[in-house]
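One structure is given here, and the rest of the page talks about it.
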Amino acid sequence: MFFDEQIRRCGVDYFDYYLLHNLGRDRYINTEKYGGFPFIERLKRDGYARNIGFSYHDNAETLDRILTEHPEVDFVQLQINYLDWESQVAQSGACYEVAKKHGKKVMVMEPVKGGTLAKLPDNAMKSFNEYYEKGNLYIPTPASLAIRYAASLEDVAIVLSGMSNLEQLDDNTSYMQEFKPLTDGEKNLVENITDILNSTIKVPCTACKYCLEECPKNINIPDYFGLLNLYAVTGKTTGMYYERFSMNHGKASECLKCGKCENICPQHISIRAFIDEFVDLYEK
Ligand code: SF4
Ligand code: SF4
């Protein structure tokens, strides 16, 4: 059994935090089918886990459903960082509010967004340096600002940050030992950097979904455009999200070029052209 192997390899008698991995709409169905929640509940009852929960990558609505149906969990692990806070794809802020509403502790993953917020583009770096230089303040690393952003949220209990060398470990431990939440000035700085990063956004889609109602192939246009925008900011594709967004929807390559979506789009977006770009990025 996997659990016996886990506890044997870790050389412990119990886990402080034990979680189901990467729930979202589809995995939740399977987790229910195979009894994932009763399993972790039993571990807790038998003393093998002090706190039980799950990591999560999907929208706020599904998270609300899971937490409503499973009030027994103690915590959730969410993707939270300042760039994703209002993103239609990751929905960091909305998911955090749902966890808070259900009274759950939040563990943060991806606080630096896979390294994106550690290496800011030049114009964002300029604002960053100017802010600290102007106040004659010690200039921290951009990664530390991102991690402190997540750690400053009231209901966050733990911030997990991947580190690949000793320098990053030293950096992380330095400011977390005597933790200081973001100042108002730093909150403004974060907003400013977010605006700069978002200004590279490619498709001005507001996710109104009018086009979805018209599309004969039920192509998930707004979510695919969310992924195009994410790529414009981070330079990274995320196949996991495409898989999820295309579930029960047409693939982008199924587009018939009928133009029905463009006739209704209030933002007058050249949807077919962006769909082509999306296909090049995700399906070739
Ligand atoms: S052009 Fe493509 S995306 Fe737009 S409505 Fe037609 S099939 Fe759907
Ligand atoms: S109708 Fe236009 S703005 Fe609305 S979701 Fe579709 S592409 Fe986006």
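The values are calculated or read from the model by the stated rules, or taken from the named source; none is laboratory data. All figures in this text were calculated on a predicted structure; none of them were measured in a lab. So basically every Cβ, Gly included, is an ideal-geometry build from the backbone, and we count neighbours across all protein chains shown.
Annotations
- Of the residues making up the stretch 214-254, those that are more than 11 Å from ligand 1 (Cβ to nearest atom), assigned to a loop (DSSP other than H, G, I, E, B) and farther than 14 Å from E283 by Cα are G235, K236, M247, N248.
- Selection within the stretch 27-39 - assigned to a helix (DSSP H, G or I) and over 17 Å from the mean Cα position of the chain (by Cα): Y28, I29, N30, T31, E32, K33, G36, F37, P38, F39
- Here I158 meets the list (1) within 30 Å of K101 (Cα to Cα); (2) part of a helix (DSSP H, G or I); (3) more than 16 Å from ligand 2 (Cβ to nearest atom) almost entirely, failing just condition (2).
- Extreme residue, nearest to M240 (Cα to Cα), among residues of the stretch 73-100 that are outside any helix (DSSP H, G or I) and among the aromatic types (F, W, Y): W85
- Of the numbered criteria (1) small (G, A, S); (2) at pLDDT 95 or above; (3) assigned to a loop (DSSP other than H, G, I, E, B), the one A207 fails is (2).
- Considering (1) without any contact (Cβ under 8 Å) to a residue 12 or more places away in the chain; (2) closer than 26 Å to D58 by Cα, the lone condition that N136 does not fulfil carries the number (2).
Residue by residue, here is whether (1) polar (S, T, N, Q); (2) surrounded by fewer than 20 Cβ atoms within 10 Å (Cβ to Cβ); (3) over 23 Å from G239 (Cβ atoms) holds:
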| site | (1), (2), (3) |
| --- | --- |
| A99 | no, no, yes |
| N123 | yes, yes, yes |
| S127 | yes, yes, yes |
| I139 | no, yes, yes |
| A146 | no, no, yes |
| E154 | no, yes, yes |
| G162 | no, yes, no |
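- In the set K202, K284, only one residue is in a loop (DSSP other than H, G, I, E, B), of a type outside the set (A, V, I, L, M) and without any contact (Cβ under 8 Å) to a residue 12 or more places away in the chain; that residue is K284.
- Leading residue by the ranking (nearest to K113 (Cα to Cα)) among those in the stretch 238-259 that are at pLDDT below 95 and surrounded by 15 or more Cβ atoms within 10 Å (Cβ to Cβ): T238
- In the stretch 161-176, the residues that are in a helix (DSSP H, G or I), of a type in the set (A, V, I, L, M, F, W, C) and either over 21 Å from V190 (Cα atoms) or touching a Phe, Trp or Tyr at 6+ places or on another chain (Cβ under 9 Å) (or both): L166, L169
- Odd one out for L189, checked against (1) away from ligand 2 (no atom under 16 Å from the Cβ); (2) surrounded by 19 or more Cβ atoms within 10 Å (Cβ to Cβ); (3) not assigned by TED's automatic domain parsing to the domain that holds A143: (3)
- Summed over the stretch 257-273, the residues that are near ligand 1 (Cβ under 10 Å from one of its atoms) and of a type outside the set (A, V, I, L, M, F, W, C) give a count of 6.
- Of all residues in the stretch 177-197 being in a helix (DSSP H, G or I) and closer than 17 Å to P111 by Cα, the one that is modelled with the lowest pLDDT: L197
- Residue in the stretch 203-219 that is of a type outside the set (S, T, N, Q), away from ligand 2 (no atom under 16 Å from the Cβ) and under 26 Å from M109 (Cβ atoms) present: no
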